[in-house]
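What follows is a set of notes on a single structure, which appears directly below.
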2 protein chains.
Amino acid sequence: MKDFIIIGNKAVTGGKISLNDLCGSAGRMDVMCRCITASLFVSFGMRRDVNVHIVLKGPPSNPKIVRFSGEYLRYLNPDERSAGSLIQKALLLPENDIEKESTPGVYVRTGTLETLIREFSKENRNIILMDENGQNIREAINKNPNIFENPVYILGDNQGILEEDFEILKNYEKEYDIKKISLGEKSLLTSQCITIIHYETDFETTEK
Amino acid sequence: MKDFIIIGNKAVTGGKISLNDLCGSAGRMDVMCRCITASLFVSFGMRRDVNVHIVLKGPPSNPKIVRFSGEYLRYLNPDERSAGSLIQKALLLPENDIEKESTPGVYVRTGTLETLIREFSKENRNIILMDENGQNIREAINKNPNIFENPVYILGDNQGILEEDFEILKNYEKEYDIKKISLGEKSLLTSQCITIIHYETDFETTEK
């Protein structure tokens, strides 16, 4: 299983989204949509072993986590509007910290990055923070391929990962080994980073 | 300079596009939009050395080429709707085989894949067809890095490259060396392929 956590620093938490303005009034929800497509789609199919968790931190309600499960997902096409529409349906459900399914394979609850880290660290998953100062992914794959087994990748949106979320990660780093991995010299869009993570780790699997 | 040619087999050639239905009535224009973003954007910036040529082959008019020039482009954001809106403005100009600028850095004319191949082969550019049966890109970069200098990459949309365009390429292959390059075992979305081409060839440049 591969999980991706994407932090949407301004992405709204209410269902009053205009699908015609995902970039603006929805708080750069377009970034989240592209990340969902990059995580889940291959040509003519879906990666059934992938979960995407988008952490929405914008107004009007408490932070929410919307999870897309590749295994159970239906009604998703690769375009931004399609992902936006499923996010909208999820955000229209009443606020609750217990996960509810909004459409097949899409689930919503209130929660933060900390909620997810707490859960994944209990499951002994390999938590990997994508960080431009981290170890290069190819070097890491060569030297320490085990860290890419059952991975949970954490990525920021266009604003990156802000101080409050770094603090959460720092607290967990004391007891739990969070790896920092980078992808090269160029700063890329978050969705492009996800495509490259898949590419590098698919390659690894293929080579074996 | 890096050029990308993307074939839009059903993508419409008229300006009556609904930006709310890029996938449907606009003939999978969403694929073209994602390819434009993948070709041109990095985080907080644009690849100024890239041109993207989308070849639109759908109704109602003759096939058209819309060119996005990274060097001169303005008013493009990474979301699909933004690219769709600039394509729409280009398609609203009267049909003409002489290239006209529709918005800064976006140009339109009637033309086909053949028009482009004829021009690029005269310029002695390295023409590279992305083909799942081609040589793996990493192997090619190691053995023959020169072919990635001044490259022109050709990619199909969700339908791939159809027989009529393969025929054009076959005709040119007789006199002109068109390389076939693949990206790995998995079939990916065209936009994902573009991200990986950049990644592999950025890496090459960085390593030198």
Criterion violated by B:Y199 - all others in (1) buried (at least 17 other Cβ atoms within 10 Å of the Cβ); (2) more than 9 Å from chain A (Cβ to nearest Cβ) satisfied: (2)
Out of A:L162, A:L188, A:L183, A:L129, sole residue that is open to solvent by less than 50 Å² (accessible area, probe 1.4 Å) and more than 11 Å from chain B (Cβ to nearest Cβ): A:L129
Segment B:101-126, residues that are open to solvent by 70 Å² or more (accessible area, probe 1.4 Å) and of a type in the set (K, R): B:R118, B:K122
Boolean, B:L155 is open to solvent by 40 Å² or more (accessible area, probe 1.4 Å), modelled with pLDDT of 95 or more and under 29 Å from B:K10 (Cβ atoms): no
B:N62 vs. criteria within 14 Å of chain A (Cβ to nearest Cβ) and either open to solvent by 10 Å² or more (accessible area, probe 1.4 Å) or part of a loop (DSSP other than H, G, I, E, B) (or both): no
Check on A:E71, in a loop (DSSP other than H, G, I, E, B), acidic (D, E) and more than 27 Å from B:K186 (Cα to Cα): no
Some residue of segment A:32-41 being under 26 Å from A:M130 (Cα atoms), within 13 Å of chain B (Cβ to nearest Cβ), within 17 Å of the chain's Cα centre (by Cα) and part of a strand (DSSP E or B): yes
Unique residue being outside the structural domain of B:G14 (by TED's automatic domain parsing) and in a loop (DSSP other than H, G, I, E, B) when the list is B:K174, B:K170, B:K186: B:K186
Residue match in segment A:23-30 (condition: in contact with a strand residue (DSSP E or B) (Cβ under 9 Å, 6 or more places away or on another chain), open to solvent by 50 Å² or more (accessible area, probe 1.4 Å) and over 27 Å from B:T190 (Cα atoms)): no
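The values are calculated or read from the model by the stated rules, or taken from the named source; none is laboratory data. Small disclaimer: the values here were computed from a predicted structure and weren't measured. We place every Cβ from the backbone using ideal geometry, glycine too, and count neighbours over all the protein chains shown. Surface areas here come from the heavy atoms of the whole protein model, side chains and all, with no ligands, DNA or RNA. Shrake-Rupley method; radii C 1.70, N 1.55, O 1.52, S 1.80 Å.
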